[in-house]
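Bear in mind these aren't lab numbers, they're just calculated from the coordinates by the rules spelled out. From a predicted model like this one, the values you see are computed outputs, not experimental measurements. When we count neighbours, we look across all protein chains shown, and the Cβ atoms used for this are built from the backbone with ideal geometry, even at glycine.
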Amino acid sequence: MSLQFISLVVNGEARELEAYPMERLLDVLRDHLGLTGTKEGCGEGECGACSVLINGELVNSCLVPIAQANGTEIVTIEGIAASGQLHPAQRAFLECGGAQCGMCTPGMIVATVHLLKKYPQPDAEQIREGLNGNLCRCTGYMRIFEAVEKAAALEQAR
Amino acid sequence: MGQERIVGTPVLRKEGVAKVRGAARYIDDISLPDMIYGATVRSSIPRGRILKIEFGEGIPWGEFVIASAKDIPGANVIAMINKDWPCLVEEQVNHPEEAILLLAHPDRHLLPKAVAAVCIEYAALPSVHSIEESERGDVVVWGEDNVFKKFLIEKGDVDAAWSQADFIVEGEYSTGAQEHLYIENNGVIAAYTPDEGLTIWGSMQCPFYVHKSLVLLTGLPEDKVRIIQVETGGAFGGKEDYPSMIGAHAALLAMKSGRPVKIMYDRMEDMVATTKRHPSRTRIRSAVTKDGKLLAAEIDFALDGGAYSTLSSTVLSRGTIHAGGPYCWPNIRVRSKAFATNCPPHGAFRGFGAPQSLFAIERHMDRVAHDIGMPPDELRRRNFLRQGLTTSTGQVIREPVDLGGLLSRALTLSDYHMKRERFDRGNAGAKKKKGIGISAFLHGSGFTGSGERYLNSVAAMDATADGKLRVLVSSTEFGQGTNTILCQIAAEALGIDYDAIEIAPPDTSLVPNTGPTVASRTSMIVGKLVHSAALGLKQTLQAAALLGDNWTTREFCEAAKAHVAKYGVLRSTSRYEPPPDVFWDDEKYRGEAYPAFAWAVYVAEVTVDMITYGVTVDDFVAVQEVGRVLNPVLATGQIEGGVAQGIGYALYEKVQWERGRMANGQMTNYIIPTSQDIPPIRVYFEETPFSHGAFGAKGIGELPMDGPAPAILNAVSHATGEDFNAIPLLPEDICLRLGLRPAVPAEEVAV
């Protein structure tokens, strides 16, 4: 297979590169674009550590061939705090203890931002359901649930 | 307690901002110029001799750097307690997925193809795959009798007690292997030049363990081996011993190629090749009076250690000491053995032997209660250890302990009595049966017995030229909060702001050896050392007349800066001193096993679906006494995370073994709890400051792993009226036991 010309908008910035069509979006983000905030946990779409938004949809970037992402708009953890200030979700994770080892955290925060778009005031079941594709081995999820609730409250107050 | 400004408050995680921004740099986020990638060729059989190695066609082998055991300059060994664990197989394979050859190439995508193209021919030898097979001894795979280590604890006169018993209750309990499943797989980078020596960056818990191992392996002088821990994405014990192995592999490739080498495992390689929690079997025979007094116990505790001894002797030790639970046994005998089998060595995992033996005793207590007709909470209450009583090793409990109080609080918070009665009434014929179960337990903080004396740990604090105060320790952060609590302790001791304290990177060329980050020792032992080092720093500044009796943070930092300017350095170190009157007999296994214990009572409420046989945990109450709580948000997170791992251990996480190889080495088929599997975990602390811990702290990290599994199985047994004595307990296990006796009439099942 030969290299293909790919154009993307990543965190609001137009990016152009050459990649093999079946390269994983995860590798393109990490290796070509240096966006190492997106993590690999399992490489098979189970853990959600590689979660990013493609055109606003939450996906596992380890399962997306780059050819499929061509022409899309992508948001990674590096694009969440656009202004340099922490996003309410990031602040809430920090304050509530939602991040321990930090490996699931970027994907978990991207999933939280996605969840809050869908449900600005999520109830407990919506939070559990919304994050069920993101595995955390450290926290037991309680601090994460609290962080999502706090993020929702902070968003409301903005 | 209570007058501190910083200790006991929920200050923010030191490295938290970097983590929530995705800016924290883990090993796979780091590249060095000219770096190439390494991969490992592994055994496909459990045991046998290598006859021939062939490099298959279609691979440009000339481009590869290939290392074997012959390339090891020093000893072919990963140094743990014994020296039986080879870095690379020379002739004989002893478990599946054992490392035989190392390959390196600039294109990491080519490596899996190259690994697959190496063809190895073996002469197979018989292998053993369970405690029972190993114990039988007809095939000897390690030493003379397959036994890595054995212990015997004896207190009182067990043999005389049986005749006085109203009841003798016997049982056998077993626990399975458990995969750590840290979200970040193992990975390292090694670089070598003859001038600078060897440097290894990696995801790890214990930089000085890797250092010790690499000095032996490379034959390099100690100051030519430098180990640096980088941000580590979870460990739970799984990065205690294995980083020495993967570090050694990368080092050999770096030394042979002259280029930096990264080895990063993918999930399957990490799951099939690295350590797991030791599977166990515990047999208990106990003598009890009709009014619920425990008279004696005879406990036989066995662990499956895998193919090499690694940490099995110490895991066995902790499990043996914890086998009696939090009860005063006037007479007890515990015999234990760790057996060799032909699977990858089992290793450290949060709890370190205690979750195994505590599972057994806490299931057994419920069975004793049932047999003598006493409520399980009451049986426990009548036998709890308290101040002045002695443990199985004869250790006198000197600090105040109120297990009865913890139990009462847990029962109230969980509404235990009302629910137990209500479930008993409602369960007959129900499609969904409800149960509620208790566990009571203890966890020893710090190394066992003489361990802390041998470690002889050192911590330090210093100041930089610009007046920044730094904590210097080899203790590592991997999510538990090491960075944060040690900086809290230093700030408290120095009387300055938390933000003014930094923690140096755990780099063996920069920091003293504070011992490994294991065994629930960081808050209590290392925290105390940091506290002392901080006080030394303050006294130095006062003695130099740079600091008065009162100061602001700015004044303190200015004084530190002035000291560095004038004398070139400001540094204070402190070395471990054992608490007074502590005695441990390594031979007889008697005496003060631990400087302190943390105590807890947990209550689990479950539903057993009688159609699917699925178990859900509906509510979980965790009440514990861990001494002073240094940071309530981090401490609560430790408990909740441990409980979630315990739920997985009890109900979901099953390693499927096929002749010593994990057959389900993927997240797809090894199931850990998700956000939808976890009940509300309600965490409560009683705070009884420990006189020898940092600001009263004891160990916390491992404790919450010990209690969930027995509480959950006790609840399932309550719900179903059946004894379930093995974990993991999967729906198919319940189905096999109950399925032949349908509790729900067939016409109701059909929907």
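For this structure, a couple of remarks:
- Distance from region B:442-474 to region B:545-612 (C-alpha centre basis), Å: 7
- DSSP finds beta bridges in chain B, and of those with both partners inside it, around 75 percent are antiparallel.
- Among beta bridges from DSSP that stay inside the protein assembly as shown, the antiparallel ones total about 80%.
- Nearest-20 debye value, region A:4-79 charge dipole, Cβ charges on Lys, Arg, Asp, Glu: 60
- Calculated [θ] (222 nm, deg cm²/dmol) that DSSP helices of n ≥ 4 give over the protein assembly as shown, each run adding -39,500 (n - 2.57): -8500 deg cm²/dmol
- q = 0.12, 0.17, 0.20, 0.21 Å⁻¹: log10 I(q)/I(0) that the Debye formula gives for region B:600-660, counting C-alpha atoms only: -0.44, -0.74, -0.88, -0.93
- The mean sequence separation of alpha-carbon pairs under 8 Å and at least six residues apart, normalised by the residue count of region B:1-155, gives a relative contact order of 29 percent.
- The H on the amide N of residue B:666, modeled in the peptide plane, is under 5 Å from the matching H of no residue at least 5 residues off or on a different chain.
- q = 0.13, 0.14, 0.21 Å⁻¹: log10 I(q)/I(0) that the Debye formula gives for region B:618-707, counting C-alpha atoms only: -0.54, -0.60, -0.97
- For region A:88-157, the Cα-based Rg and Dmax, in that order, read 10.5, 31 Å.
- Between helix A:142-157 and chain A: long-axis angle, C-alpha atoms, 0 to 90°, nearest 10: 90
- Calculated Rg and Dmax of the protein assembly as shown using C-alpha coordinates, Å: 27.4, 89
- Using C-alpha pairs under 8 Å with a sequence gap of at least 6, the mean separation divided by the residue count of chain A gives a relative contact order of 24 percent.
- Which of B:349, A:5, B:695 has the fewest Cβ neighbours within 10 Å, and the rest in rising order: A:5, B:695, B:349
- Dipole in debye (nearest 20) - region A:88-157, about Cα centre, beta carbon charges: Lys, Arg +1; Asp, Glu -1: 200
- Built from the Cα atoms of chain B, the convex hull projects on average onto 34.8 nm², one quarter of its surface area.
- For chain A, the longest principal axis of the Cα atoms and the long axis of helix A:105-118 meet at an angle of about 80 degrees.
- Within 10 Å of the Cβ of each residue in A:127-138, the mean number of Cβ atoms contributed by other protein chains is 6.
- Backbone amide hydrogens, once placed in the peptide plane, bring residue B:682 within less than 5 Å of B:620, B:621, B:622, excluding anything fewer than 5 places away on its chain.
- Peptide A:106-115 has a mean of 2 when you count, residue by residue, the C-beta atoms of other protein chains within 10 Å of its C-beta.
- Furthest towards positive pole of dipole, B:345, B:400, B:331, structure part region B:313-410, Cβ charges: B:345
- Value in Å of the Kirkwood radius, where region B:524-633 supplies the Cα pairs that are averaged: 19.5
- Test item: B:443-454 mean partner chain Cβ contacts at 10 Å: 0
- Kyte-Doolittle mean at least 0.5 and Cα axial length at least 27 Å: DSSP H helices in chain B: B:632-651
- Dipole of chain B computed with +1 at Lys/Arg Cβ and -1 at Asp/Glu Cβ about the Cα centre; of B:567, B:315, B:611, farthest Cα towards the positive end is B:567.
- Counting every other Cβ atom within 10 Å of each residue's Cβ, B:47, B:521 order from fewest to most as B:47, B:521.
- Cross-link reach is defined here as a Cα-Cα straight distance under 30 Å, omitting same-chain residues fewer than 8 places apart; for residue B:262 the lysines meeting it are A:39, B:14, B:19, B:52, B:70, B:83, B:113, B:212, B:224, B:239, B:276.
- Rel. contact order, % - alpha carbon contacts under 8 angstrom, at least six apart, region B:324-465: 26
- One way to sum up the overall shape of region B:660-715 is the equivalent ellipsoid from its Cα gyration tensor, whose semi-axes run 33, 17, 12 Å, largest first.
- In terms of surrounding Cβ atoms within a 10 Å radius of their Cβ, B:610, A:103, B:705 rank from fewest to most as B:610, B:705, A:103.
- Pair-distance distribution of region A:4-79: all C-alpha pairs, bin width 5 Å, starting at 0; shares per bin in whole percent are 3, 19, 32, 30, 13, 3.
- Highest-first packing order for the peptide set A:15-28, B:523-536 is B:523-536, A:15-28, based on the mean count of other beta carbon atoms within 10 Å.
- Centroid-to-centroid separation of region B:4-79 and region A:53-70 [C-alpha atoms, Å]: 28
- Taken as Cα centroids, region B:312-369 and region B:259-305 sit 7 Å apart, rounded to the nearest whole angstrom.
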